[in-house]
1. Label residue 60 and residue 177 with points 7 Å out from Cα along Cα→Cβ: what is the distance between them in nm?
2. Of 125/189; 121/157; 26/138; 26/157, which sit over 22 Å apart, Cα to Cα?
3. For the pair residue 200 and residue 217, how long in nm is the line joining their label points, each one 7 Å along Cα→Cβ?
4. Determine the sum of side-chain charges near residue 45: Lys and Arg each +1, Asp and Glu each -1, restricted to other residues whose C-beta is under 11 angstrom from that of residue 45.
5. Using 20 Å as the cut-off for backbone N distance, which residues of segment 176-204 belong to the label zone defined by a point 7 Å from the Cα of residue 159 along Cα→Cβ?
6. In whole percent, what relative contact order does segment 61-217 give with Cα contacts below 8 Å and a gap of six or more residues?
7. Can you tell me the Rg and the Dmax, both Å, for the Cα atoms in segment 160-217?
8. Based only on Cα atoms, what mean projected area does the convex hull of the chain have, in nm²?
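Taken together, the values in this text are just the output of simple stated rules run on the coordinates, not laboratory data. If you're wondering where the values come from, they're calculated on a predicted model, not measured in any experiment. Here the Cβ is made from the backbone with ideal geometry for all residues, glycine too, and neighbour counts use every protein chain on show.
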Amino acid sequence: MAADATQPIHRRGLMLILSSPSGAGKSTLTRDLLRDPALDLTLSISVTTRSRRTSEVDGIHYLFKSRQEFERLRAQDDLLEWAEVHGNFYGTPRSPVEEVLTQGRDMLFDIDYQGTQQVLKRAAKDVVTIFILPPSMKELRARLERRAEDAPEVISKRLDNARHEIARWTMYDYVIVNEDIQRALGEVKSILIAERLRRTRGEDGIDRFVKGLLEEK
């Protein structure tokens with residue numbers, strides 16, 4: 001049996017987690033990564049018990065659940081991570097993630113360091129984590145102010161939270177300073193490509209391919 005070089009080596013997909021303080025560029029990077037069809041990334045959609053806003057679509061922005069439904073998912077261990085925020089619950093359902101990874105495709109996560117730690121505890125071998133840093137606190141403040149979405153006291157609170165989050169950078173596999181969004185995007189893509197080629201992600205497929213190579217006459 002000859003090895004077929006035209007067939008891709010099957011691998012298990014990975015979970016690519018991006019975290020950053022508000023204003024550091026995580027949302028922009030997430031959007032641009034999802035827009036690249038060559039990357040074929042699927043965004044993880046969280047479940048939540050909060051009420052749906054008029055601008056939101058169920059299944060696109062969130063999966064809206066009752067508190068009873070959420071508690072059932074949690075009791076069945078079908079949440080990779082969850083948290084309570086302002087009296088509402090948020091979480092990442094396990095089943096859709098497992099379905100994507102089994103297909104050999106990758107899922108993108110936009111979650112904070114607390115959610116990242118929970119996912120790592122449940123599926124460390126499938127996870128790649130990237131923390132996005134601003135080039136300076138001065139620039140971070142300027143970006144938040146340019147949004148013109150928050151009052152000054154809210155921006156100050158976001159900056160305080162940012163310092164708390166930035167101090168957790170050592171929890172991540174990779175750290176990128178987002179001084180230029182296109183350069184940062186290129187760096188994230190390079191990490192993704194390299195991690196897709198990691199031997200342990202495609203070991204079974206590589207093993208079959210190599211056996212075919214060695215059987216060639």
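1. 3.9
2. Working: 125/189 20 Å; 121/157 29 Å; 26/138 18 Å; 26/157 18 Å.
Where the Cα-Cα span goes over 22 Å, the pairs concerned are 121/157.
3. Each label point is offset 7 Å from its Cα along the Cβ direction, giving 4.0 nm.
4. Details: positive: none; negative: 58, 110.
That works out to -2.
5. It comes to 178-179, nothing else.
6. Rounded, it is 17 percent for segment 61-217.
7. My reading of the Cα-based Rg and Dmax gives 18.7, 66 Å.
8. On the way: hull surface 57.8 nm².
Projected over every direction and averaged, the Cα hull of the chain covers 14.4 nm².
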